[in-house]
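Got a structure for you, questions after.
The values are calculated or read from the model by the stated rules, or taken from the named source; none is laboratory data. Here the structure is a predicted model, which is why all the values come from computation and not from measurement. All Cβ positions, even for glycine, are placed from backbone atoms using ideal geometry, and neighbour counts span all protein chains on display. The area values use the complete protein model at the heavy-atom level, side chains included, leaving out ligands, DNA and RNA. Shrake-Rupley method; radii C 1.70, N 1.55, O 1.52, S 1.80 Å.
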Amino acid sequence: MNTGDVPATVTLQSVNSVTFTQDTDGNIILHCPQNVTEGDESFEVTMTATEMRDGELESEDPSEILDMDSSVQKKGKDVSAVSQAWFTTKEDKDTLVNKGHKWKQGMWSKEEIDLLMSNIERYLKNRGIQDPAEIIFEMSKEERKDFYRSIACGLNRPLFAVYRRVLRMYDNRNHVGKYTDEEINKLKKLREKHGNDWATIGAALGRSASSVKDRCRLMKDTCNTGKWTEEEERRLAEVVHELTGTEVGDVVTQGVSWASVAELVGTRSEKQCRSKWLNYLNWKQSGGTEWTKEDDINLVRRIAELDVEDENFINWDILAGGWSSVRSPQWLRSKWWTIKRQVTNHKELPFPGETKSL
């Protein structure tokens, strides 16, 4: 690379031969020279200014990034701009995409969960802590400042995704069970009083914030159940096309605010509206054909031909294109999950093994 291609930088700090610089775009660049790590290759990690989020990382100091388990720094490839970044907005994601970064989304694989658990166990052992809940729910942000970065080592997911996964795993209030009628009534009153303050609502019900938020998405006093009427289907299609600026017959599977759709439809919840549209109505309006056994075989073949190591790397929007029997990318992914369940031990198999077994 020519020196003219490198943006001007200013050195912020050096820690144990590791240098932090900042370029004119505000990007923080960590440069680790040869022989600092156990390997002999140097590496750099670039983090944009938008990755420095409030919350877990208030007033981040460069030395804090190095305050991790030694395993995080063993190889440059383990420290990525994705797994070490707190980004939650579309702008943050677009910034990393534009820099050529990719990461996993959707369902976590068995290998990812095993690695996450191993990272957590190692972190606890190194610090003499018995229960991870002590770190997650009792320690201050300052006390656990290196926790999420350490346990994200080797995972190609952003820190916020790791954070949410860990909360769901260790918050016992996520596993209380089905909501009673009494809880539903209390939840409605709390929602009227506190709006979207899920933490306050959850605390009042003895449930997690994510649990009450998910339950509220399904709840609507005026919701009908059972088969949709022709008038409801007509209204749903009308609202979707109105909000997305599309015409009848257009395929619409992304960029839809289902909360807004449900509000305008008036008789169904956002989950009902989303499911009806993506799994049936949009396909019907656009002249879709019925799914056949041959389509099952073609789906397995097409996925095998993608030659990806993990199904989270599959672009379902592209895969669903030009296929009249596919109702939506989301529907196609669900169809794949149904097919792969035919393999008895599919949860224990690596992804390439699933396609070979089918």
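Pairs 276/335; 227/271; 178/340; 189/213; 90/141; 293/340: which exceed 21 Å Cα-Cα?
178/340; 90/141, as the Cα separations exceed 21 Å there.
Next question. Please work out the Cα center distance from the range 264-331 to the range 120-158, rounded to the nearest Å.
Distance between centres, Cα-based: 38 Å.
A further question follows. Heavy atoms only, 1.4 Å probe, whole protein assembly: order 242, 182 by accessible area, highest first.
182, 242
Restricting to DSSP loop positions (anything but H, G, I, E, B) with no more than 12 other Cβ atoms inside 10 Å of their own Cβ, which trypsin sites (Lys or Arg not before Pro) remain in the range 215-284? If you can, show how the numbers build up before the last one.
Details: sites: 215, 217, 220, 227, 234, 235, 268, 271, 274, 276, 284; in loops: 220, 227, 268.
Passing both the DSSP loop test and the Cβ count: 227.
Say the dipole of the range 125-275 comes from +1 at the beta carbon of Lys and Arg and -1 at that of Asp and Glu; which of 139, 156, 200 then lies farthest toward its positive end?
Towards the positive end, the residue furthest out is 139.
Still on this structure, please answer the following. Can you pull a Stokes-Einstein diffusion coefficient for the range 209-340 at 25 °C (0.890 mPa s), Rh from Kirkwood over Cα pairs, as a whole number of µm²/s?
Stokes-Einstein gives a translational diffusion coefficient of 152 µm²/s.
What accessible surface, in Å², does a 1.4 Å probe find on residue 194, ignoring ligands, DNA and RNA and rounding to the nearest 10?
Here the accessible area works out near 60 Å².
Under a point-charge model restricted to the Cβ atoms of Lys and Arg (+1) and Asp and Glu (-1), what is the dipole moment magnitude of the range 133-230 relative to its Cα centre, in debye to the nearest 20? Don't jump to the answer; show the numbers that get you there.
Values: 21 positive and 14 negative charges, 56 e Å.
It comes to approximately 260 debye.
Let me ask something else. Points 7 angstrom from Cα along the Cβ direction at residue 334 and residue 131: gap in nanometres?
The answer from the label model is 3.9 nm.
Let me spell out the model: positive unit charges on the Cβ of Lys and Arg, negative unit charges on the Cβ of Asp and Glu, origin at the Cα centre of the range 162-279. What dipole size does that give, in debye rounded to 20?
780
Any idea what the dipole of the range 254-312 comes to, in debye rounded to 20, about its Cα centre with Lys/Arg Cβ at +1 and Asp/Glu Cβ at -1?
520
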